[in-house]
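Asker: Structure in structure tokens, see below.
Derivation of every value follows stated rules applied to the coordinates shown; laboratory data play no part. Keep in mind it's a predicted model, so treat the numbers as computed, not measured. Glycine also receives a Cβ, built like all others from the backbone with ideal geometry; neighbour counts cover every protein chain displayed.
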Amino acid sequence: MRGLYQILIPLLSLFLVRVDLTDLTPLEFEVQVVKVYDGDTVLVKKGGWAQKVRLSRIDAPEKEQPYLSGRKGAGQFSKACLTKNLGKTALLKIEGHDLYHRILGDVDGVSFSLLEQGCVTLYPYAGFDSVAEKFDYLKSYMKARQMRQGLWAFAGILQPKAWRKKSKIRKRSVHRRWHQRVGYQRLYRPEQKSLSKED
């Protein structure tokens, strides 16, 4: 009986402290690529199971995000680049989950090749398995920028997180101006209509 407890207690403690087993060894299996959402998110399927996968270590421009030069289409370029680099079936390597409950991982090692081609930027808070891996990613990122490949051919992009914040502020101010104009119309137009009816 004592031997049984020596096995069960450590296993039970793994589930009590909620250890993510993908931290111990990444899971890898074949999946079917169903849809590409943008330059760093895809929908994969295996049997009856389908899940969004956020590619790790990279950050792609948002769908509406322009280049720094003002030219539109950085998000569409990044999405097309990912679509071109993926096949119908791929090897999914699960590394964990992100804040939005998407699987965080890599599909056929496409993250590194997208970075080499200049289709995406490096995620600022990316975690790497080793210093050598981090160096390889940084080296590829800097080389793509220097050679003006992909996104960098048109002056590059603003970091997607900064662009989202900037566009959110812009949308808020446009929304506020719209409400001010509508409020103005509500205040003054009814009086004008009532005056015209009395005449």
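Asker: Express in nm, to one decimal, how much length is gained between Gln149 and Glu30 on full extension, taking 0.36 nm for each residue of separation and deducting their alpha carbon distance.
Answerer: Numbers: separation 119, 0.36 × 119 = 42.84 nm, distance 3.05 nm.
The span from Gln149 to Glu30 would gain 39.8 nm if fully extended.
Asker: Toward the positive end of the charge dipole of the range 23-117, about the Cα centre and with charges on Cβ (Lys, Arg +1; Asp, Glu -1), which of Leu55, His101, Val42 goes farthest?
Answerer: Positive-end residue among those listed: Val42.
Asker: Which residues does the label zone of Asp108 cover in the range 68-86, counting backbone N under 16 Å from a point 7 Å along Cα→Cβ?
Answerer: Zone members listed by number: 79-86.
Asker: Stretched out fully, how many nm does the piece from Gln159 to Val131 gain, at 0.36 nm a residue minus the Cα gap?
Answerer: Details: separation 28, 0.36 × 28 = 10.08 nm, distance 2.32 nm.
Gain in length upon complete extension: 7.8 nm.
Asker: With 29 Å as the limit, write out which pairs from Lys46/Lys139; Lys84/Lys139; Lys93/Lys139 have Cα-Cα distances beyond it, or answer none. Could you put the intermediate results ahead of the total?
Answerer: Values: Lys46/Lys139 34 Å; Lys84/Lys139 23 Å; Lys93/Lys139 23 Å.
Listed pairs above 29 Å: Lys46/Lys139.
Asker: For Lys84 and Lys166, what is the calculated FRET efficiency with R₀ set at 41 Å and r taken between the beta-carbons, to the nearest 0.05? Mind showing how you got there, number by number?
Answerer: On the way: r = 29 Å, r/R0 = 0.70.
For R0 = 41 Å, the calculated efficiency reads 0.90.
Asker: Once you treat every alpha carbon in the range 18-158 as an equal point and sum by Debye, what is log10 I(q)/I(0) at q = 0.11, 0.19 Å⁻¹?
Answerer: Values, matching the q order: -0.40, -1.12.
Asker: Hey, another quick one. Going through the cross-link list Lys52/Lys134; Lys45/Lys168; Lys79/Lys166, which pairs have a Cα-Cα distance over 30 Å in this structure? Present the calculation step by step, with values, prior to reporting the outcome.
Answerer: On the way: Lys52/Lys134 25 Å; Lys45/Lys168 33 Å; Lys79/Lys166 22 Å.
Checking Cα-Cα distances, Lys45/Lys168 exceed 30 Å.
Asker: So the label point goes 7 Å from the Cα of His97 along Cα→C-beta, right? Which residues of the range 45-76 then have their backbone N under 18 Å from it?
Answerer: 45-46, 49-56
Asker: Looking at the range 94-133, which chymotrypsin sites (Phe, Trp or Tyr not before Pro) are in a loop (DSSP not H, G, I, E or B) and have at most 13 other Cβ atoms within 10 Å?
Answerer: Passing both the DSSP loop test and the Cβ count: Tyr100, Tyr125.
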